[in-house]
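To start, the structure itself, in structure tokens.
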Amino acid sequence: MAQLGHVAVVALCPLLGAERKTYAPTHEVTNVGSDRSQLSRMSEQARAAIGSEAIEAVADRGYYSGEEIVACEQAGVTVYLPKPITSGLNVKGRFGKQDFVYVAADDVYLCPAGEQLVYHYTNEEDGKTLRRYWTNACQGCALKGQCTTGKERRISRWEHEAVLEAVQARLDRNPAKMRLRRQTVEHPFGTIKSSMGSTHFQMKTLKHVGTEMAQHVLAYNMKRVMSILGVGGLIEAIRA
Ligand code: SF4
């Protein structure tokens, strides 16, 4: 996403051709100040625009939303998206959830002290079904000061947590994806922002800004296609 004035622009920029050049197949102007609810909608728009069933969505941490990731994966979009660390526990010098390892075969979490946090009950919070795990060993644990101020440390597991773990494992196996994202997505935004100049949008209201942005993206894509295929190639493609 690029912040241009008070308007956020989200876009997906796939690779085109053997030379791996980028273009923007879709974009959207929104006045929602965060990308967290954009991933599945933009992925679907990109899939429709490029006419490919199999697509990969590579995004930065700002897009991280469990619900959005699950929606993408269920729709067949392969997601690469690093998980942000938001709990603040690490800042306080305490273990975060990432320090607890889930063992699927036993349905337990292993804590930094090597204890097993076992399942106790399931409840709902903010519309999410969460399974709760803990151990009774915390009271005598030498690491308790780094772990919890409560009676015991509890870990919650969302019912779709396995999907998020699979996405993280996929990214761990393919760390170059994030470098590729940086190398590709910055080009359209940098070029479009540079061509817009310091004033950014000239229009007001979401509808008119959307039209203005569409013209910028169209101009960018035309220039990209001319640079990749040449003017003749572009004319041929338009005629086809
Ligand atoms: S306080 Fe409990 S959960 Fe934390 S490290 Fe110790 S035993 Fe494990």
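The values are calculated or read from the model by the stated rules, or taken from the named source; none is laboratory data. In this text the structure is predicted, and so the values were computed from the model without any measurement. Cβ sites come from the backbone with ideal geometry, for glycine too, and all protein chains shown count toward neighbours.
Restricting to region 22-41, what's the tally of residues that are among the acidic types (Asp, Glu) and modelled with pLDDT of 80 or more? Final tally of qualifying residues: 1. Scanning region 195-240 for residues that are within 25 Å of Thr30 (Cα to Cα) and of a type in the set (S, T, N, Q) turns up Ser195, Ser198, Thr199, Gln202, Thr205, Thr211, Gln215, Asn221.
The single condition from (1) in contact with an Asp or Glu (Cβ under 9 Å, 6 or more places away or on another chain); (2) at pLDDT below 90 that Ile85 fails is (1).
Which residue is farthest from the chain's Cα centre (by Cα), if the candidates are limited to region 104-124 and must be hydrophobic (A, V, I, L, M, F, W, C) and loosely packed, with under 11 Cβ neighbours inside 10 Å? Across region 104-124, the extreme among qualifying residues is Ala105. The set of residues from region 90-118 being of a type in the set (Phe, Trp, Tyr) and either more than 22 Å from Ala166 (Cβ to Cβ) or within 12 Å of the ligand (Cβ to nearest atom) (or both) comprises Phe95, Phe100, Tyr109. Hey, could you check region 125-142 for residues that are part of a loop (DSSP other than H, G, I, E, B) and crowded, with 17+ Cβ neighbours inside 10 Å and say which is nearest to the ligand (Cβ to nearest atom)? Here the residue is Cys141. For first residues located in region 130-159 and aliphatic (A, V, I, L, M), partners that are modelled with pLDDT under 95 and more than 10 Å from the ligand (Cβ to nearest atom) and lie 6+ apart or on another chain with Cβ distances below 8 Å form the pairs Ile155/Lys97.
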